[in-house]
Structure formats: C-alpha cells, structure tokens
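All remarks here apply to the structure that follows.
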Ligand SMILES: Cc1cc2nc3c(=O)[nH]c(=O)nc-3n(C[C@H](O)[C@H](O)[C@H](O)COP(=O)(O)O)c2cc1C
C-alpha cells in the first residue's frame, strides 16, 4: 500500500502547472533554480509568488533579493533539468538576454522581474512574494508539468470557463457590475 506521503505527492501532482526558472544575482554571479510553485497573487499592486525549499541555495539567496521569473517554453525542457541540477553530463547551452533587474533567459515565452515584497513561513518552504517591476511576453507555447512529467499544450478547450468571473481579462460581467454568480459558458 502506498504511504500517505506518496498519496499526498500524487494528489499535488494532479495539479498541472507551467515551469519557470527563478533567477537572481549574488556576488557577481547568476543563480537559477527550476520552480513550478509559481503563482500570480495580485494585479494591483502587481504581485507574484514563488515557493522555495528551505534546503535549496536559492531559498537563502532570495531573502531580500530582486529576482526574475523566466516562464519556460515547450522546447526548453533541457533548461528545466539543468536548473534543477538534473542535466547530468549533457552540456546545456544557456543563453541570456540583457536585463537590468534580474537575469533573463533567452527564448522564454514570458519574463518578470520582481523586487522583494514579503516572505512567509511555508513549513519546509519559504513563500517569496515579489512586486513585478518589469515584464515581457514573446510568442511561444509553454512547457507544462503534471504527474511528475513534462508535457506540452494540446490546444485550447472549445469553451471559455471564466467569462463573467472576476479574472475575466475582458472585464466582462465584472466591469459591467453583473452578479458574480451569473451563468458562465462551462
Ligand atoms: C519540474 C521541477 C519543478 C520544481 N519546482 C520547485 C519548486 O517549486 N520549489 C523548489 O524549491 N524546488 C523546485 N524544484 C527543485 C529545484 O529546481 C532544485 O532543488 C534545484 O536544484 C535547487 O537549486 P539550488 O539548491 O542550487 O538553488 C523543481 C524541480 C523540477 C524538475
């Protein structure tokens, strides 16, 4: 029978995510770590959060540090492995783009640079919230992570799930002042 810890890990792994490389500068060198525990937090002010294992080097480096979040593309699986310390002996070509605030990986579909906003105790992790100061998007499909494996996007579902919700980017019912629980197009 699977241990409770194994089942918990399986539960959490059912939640599909993107994959990022969080970067920072420290003492003249660049450090990066692969992170899928990344989430948007707030639009006003613009805040995002990353969750770092206390045992990682990155966790110590991010205390009061400016950091970058490089959202990886479907073709950047090797970079995800490299910055997780899993690349083995295979050389990985890491290319950087000029960026003022935090190290920026070349070829990513999205990049955000953040200054420290808050840090919270997250048990064996630390939750770092950053205020987004720079951001950029490029064309490209994302790299996905689900069930302990990398995946690629299959395509959009035919119906939108969020029209009428507070997150609807078009404003929709929210902007029009319609009731929050109006029927949506599920
Ligand atoms: C797909 C994937 C996602 C990961 N997500 C996280 C994460 O959200 N938080 C974390 O602390 N480590 C995560 N890791 C593990 C770190 O990338 C790994 O521990 C890395 O070696 C830390 O580097 P450092 O100790 O040099 O900072 C992930 C690894 C992989 C492969």
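The values are calculated or read from the model by the stated rules, or taken from the named source; none is laboratory data. All values reported here derive from a predicted model rather than from experimental measurement. Cβ atoms come from the backbone with ideal geometry, glycine included; neighbour counts cover every protein chain shown.
Just for region 26-67: of the residues that are away from the ligand (no atom under 12 Å from the Cβ), buried (at least 17 other Cβ atoms within 10 Å of the Cβ) and assigned to a strand (DSSP E or B), which one is farthest from the chain's Cα centre (by Cα)? My answer is 47. Residue 80 is checked against (1) farther than 16 Å from residue 126 by Cα; (2) in contact with a helix residue (DSSP H, G or I) (Cβ under 9 Å, 6 or more places away or on another chain); (3) modelled with pLDDT of 95 or more; (4) within 14 Å of the ligand (Cβ to nearest atom) and fails just one. What number does that condition carry? Of the numbered conditions (1) farther than 16 Å from residue 126 by Cα; (2) in contact with a helix residue (DSSP H, G or I) (Cβ under 9 Å, 6 or more places away or on another chain); (3) modelled with pLDDT of 95 or more; (4) within 14 Å of the ligand (Cβ to nearest atom), the odd one out for residue 80 is (2).
Answer yes or no: is there a residue in region 6-18 that is in a strand (DSSP E or B) and loosely packed, with under 15 Cβ neighbours inside 10 Å. Let's see the steps before the verdict.
If we filter region 6-18 for residues that are in a strand (DSSP E or B), which is where we start, we get 17-18.
Restricting the remaining residues to those that are loosely packed, with under 15 Cβ neighbours inside 10 Å gives none.
The answer is no; no qualifying residue exists.
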